[in-house]
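Everything below concerns the one structure shown next.
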Amino acid sequence: TYSAIAGTGWTNVTLADDDARTAVPLGFSFTFFGIPYTAGVISSNGFFAFSTSGSTSWTPQVLPNASAPNNLIALVWNDWLPPGGGTIRYKSIGTAPNRSYVLQYNGISHYATAGVTLTTQMIIKEGSNCIEIHTSQAGNPSGYLATMGIENNLGNIGYFVPGRNRQAFT
């Protein structure tokens, strides 16, 4: 389950609608589908990517999909609106060789529906290259689909949470 991580050292991210923050440092090297990365891209629409192409996309795809964006971790990919409320923040914690990068979306508003919000967290771990996604709130208004999963840089390999591959969340 989602667990807010206390302490200092958080970097707040201010994003507009359909926006992305690039070159966000992880604080260590993380291997994703066999390729090491030291930075990534935070999308306003509920995903973290290791490529800037398509990083502002608000339309979730079925995974895998060769169309951009690729090379991503979809926490809850949907049409989120950070200026409508909530916070996005990240930080690296721990010491080598067991550091973690934590990304949190807290109470982010949905673009089309007032009162629908997202609270989710991604933790990626140095060494084990493990990915954890913890979601406590992912409201999904009627007619909108969302995706949770991962996809490689070519968009030809992807894994998704059952019932969460460009589907309505229930």
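The values are calculated or read from the model by the stated rules, or taken from the named source; none is laboratory data. Just so we're clear, the structure is a prediction, and the values are computed from it rather than from any experiment. Here the Cβ positions follow ideal geometry from the backbone for every residue, glycine too, while neighbour counts run over all protein chains shown. Each accessible area value is taken on the protein alone, full model and side chains, heavy atoms only, with ligands, DNA and RNA left out. Shrake-Rupley method; radii C 1.70, N 1.55, O 1.52, S 1.80 Å.
A few points about this structure:
- Spin-label pair Ser51/Lys125, simplified geometry with 7 Å Cα→Cβ offset, distance in nm: 2.8
- Full-stretch length increase - Thr11, Ala23 - with 0.36 nm per residue and alpha-carbon distance subtracted: 3.0 nm
- Summary of the geometry: the stretch 21-41 and the stretch 70-85, compared by the centres of their Cα atoms, lie 18 Å apart.
- Heavy-atom accessible surface of the stretch 93-152: percent carbon and sulfur, 1.4 Å: 52
- Per-residue ³J(HN,Hα) for the stretch 106-123, Karplus 6.51 cos²θ - 1.76 cosθ + 1.60, θ = phi - 60°, Hz, x for Gly and Pro: 10, x, 6, 6, 7, 4, 9, 10, 4, x, 8, 10, 10, 10, 8, 9, 10, 10
- Label-to-label distance, Glu132 versus Ser67, with points set 7 angstrom from Cα along the beta-carbon direction: 3.4 nm.
- Our summary gives the stretch 99-170 a relative contact order of 22 percent, counting only alpha carbon pairs under 8 angstrom and 6 or more residues apart.
- Between Leu118, Leu26, Leu154, the Gaussian network model of the chain with springs among Cα atoms under 10 angstrom shows the greatest mean-square fluctuation at Leu154.
- Label of the coordinate-derived value, semi-axes √(5λ) of the Cα gyration tensor in Å, listed as (i) 23, 19, 14; (ii) 28, 19, 14; (iii) 49, 17, 16: (i)
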